[in-house]
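Enquirer: Provided herewith is a single structure, encoded as structure tokens, for subsequent inquiry.
The values are calculated or read from the model by the stated rules, or taken from the named source; none is laboratory data. Remember, it's a predicted structure, so these values are computed and weren't measured experimentally. In this analysis, Cβ positions are derived from the backbone assuming ideal geometry, glycine residues included, and neighbour counts consider all displayed protein chains. We work out accessible area using only protein heavy atoms, side chains counted, and drop any ligands, DNA or RNA first. Shrake-Rupley method; radii C 1.70, N 1.55, O 1.52, S 1.80 Å.
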Amino acid sequence: MASKKGVRIIITLECTECRTNTDKRKKGVSRYTTEKNRRNHSGRVEFKKYCPYCNRHTVHKETK
């Protein structure tokens, strides 16, 4: 399958508090997938999203 070399790429967002927090509701790490525009956001992005493992809204950062 050929990869398209477009401007928009698919990224993975991962919860930053799931790795360090031991008082979670469940075991695991929250991950979301989304797209970003390379030209507008050249660096790594971060959003506040809901984490079902922490049971609240936390910061999700882009992973490699």
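Enquirer: Quick check: convex hull over the Cα atoms of the chain, volume per residue in Å³, rounded to an integer?
Expert: 93 Å³
Enquirer: Compute the accessible area per residue over the chain, keeping the other protein chains in place, probe 1.4 Å, unit Å².
Expert: Per residue, the chain has 82 Å² of solvent-accessible surface.
Enquirer: So what's the net charge close to Thr33: Lys and Arg +1, Asp and Glu -1, counting the other residues with Cβ under 14 Å from its Cβ?
Expert: +3
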